[in-house]
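Everything below concerns the one structure shown next.
Computed from the coordinates by the stated procedures, all read-outs in this text should not be read as laboratory data. Being a predicted model, the structure only gives us computed values, none of them experimental. With ideal geometry, Cβ positions are generated from the backbone for all residues, glycine too; neighbour counts draw on all protein chains shown.
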Amino acid sequence: MFCISRILSKSVRPESVEGQVSSPPSVHGSTSSPRTEGFCGRRAAPLILILLAACTASKPPVIIATPADTATYPPFAVSKWEMLPDWQTINLQPAWAAFWQSCNALKNKPGWQPVCARAHELTQPDNASLRAFFEEGFTPYQVFNPDGSSQGLITGYYEPRLYGSRVKTARFRYPLYGVPDDLLTIDLSELYPQLKGLRLRGRVQGNRVVPYFNRGEIDNGKAPLQGRELLWVDNAVDLFFLQVQGSGRVELPDGSLVKIGYAEQNGHPYNSIGKKLVDMGALKLEEASMQNIKLWAQKNPDKLDNLLEHNPSYVFFRELPDSLPAPVGALGVPLTNEYSLAVDSRTIPLGAPVFLSTTYPSSGESLNRLMLAQDTGGAIKGAVRGDFFWGFGDQAGAQAGRMKQQGQMWVLFPKGAEPALNP
């Protein structure tokens, strides 16, 4: 019998940027697991209780499950365009390319057909034309948290550059693995249609399904992964953060770049190493950024393995074609630098335009722009919760690593496809 202990959101990118430990409850870095809320605690409660009844306290969890993209409460309120900060003055041109990516995925879906067809008719629209297009075709709804608050955490992520080789050397000795042959994935909806989108991960041991190997076991060679190495890289911490981001590029000794993306995960829950360093007293809460975690690792190489093993979650990758312009998000389309947003798809529909009002990292400068909800993340939980995609490289990483801002969000729903709200 399977024992379900955690619930994760379906994600091409498994987690948000590590080090963001001052999140509110139910998001990455909180003291309680973000994966025990939402679907498990509400819609799937009866089945989850049945499954748990067959588990003993001494048995480890087998899997992680992935909830359906279904809102657990109505988090919206009808708004007006004038409520969106700087709506009349912001430049909508950069968002237009990202909007087209959403239409590529949604143009044949009810509610989206009219607006995507109308978008196709616009050729080289100016800013005024774009503003009129959105105002005529969409209705803005402000997003609220269950407690009625409108502010939430906005973090950032990016596509890192690593240095590696296709063969193991004295310098390049940390393996980047493809999906293991023995990793078992079970789609629960085949047995329980009400659990559409839920997947179990484990491995077969005799006639039992048991948890897949955790990070420590994989790093110590206990998993049968020989021959599954895609590449070898030169830095264990960079490899860890690549798994956090979910995609990146590896520069080979000849200067060429190999694009890699998320393929699977071992099914174990995600634990924040940033929060662990705070609990240890190694960093203050406000210091727990990606950059400071890397600095700590450089100064404490003898303690690094134990720190990384604190997070049992492990990500496996696949090599992506060179022609792909950017990482592909959960919507299935390439992300657009600084205009794609990762959201909790249980409350905000993937593909929808989202007006974000926040501030730049470590700054009070306003950052108000129209973005597109095109990705998800295992740590992106909650209504007013977003992860801002900064793009590729060190500069994008610097911005993403520092971004831990408060913000407000408005979802633009196509007219005729507005959400049903409770009275």
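Brief remarks on what is shown
- Whether region 151-246 is rounded, prolate or oblate, judged on the alpha carbon gyration tensor where a/c under 1.5 counts as rounded: oblate
- Two-decimal log10 I(q)/I(0) for region 234-281, as the Debye equation yields it once each C-alpha is a single scatterer, q = 0.13, 0.23 Å⁻¹: -0.43, -0.96
- Distance-filtered residues of region 246-275 - backbone nitrogen under 18 Å, label point 7 angstrom along D322 Cα→Cβ: 248-261
- Estimated distance in nm for a label pair at K196 and K303, the labels positioned 7 Å out from Cα along Cα-to-Cβ: 4.9
- Calculated FRET value between N108 and S189, using beta carbons and R₀ = 22 Å, to 0.05: 0.45
- Gain on full stretching of the segment that runs from R173 to W100 - 0.36 nm per residue minus C-alpha separation: 22.2 nm
- Of all aspartates and glutamates in the structure, the ones whose alpha carbon falls short of 16 Å from that of K222, not counting any fewer than 8 places away in one chain, are D181, D182, D305, E309.
- Estimated distance in nm for a label pair at E365 and L122, the labels positioned 7 Å out from Cα along Cα-to-Cβ: 2.7
- Counting only lysines at least 8 places from K107 when in the same chain, those with an alpha carbon closer than 21 Å to its own are K415.
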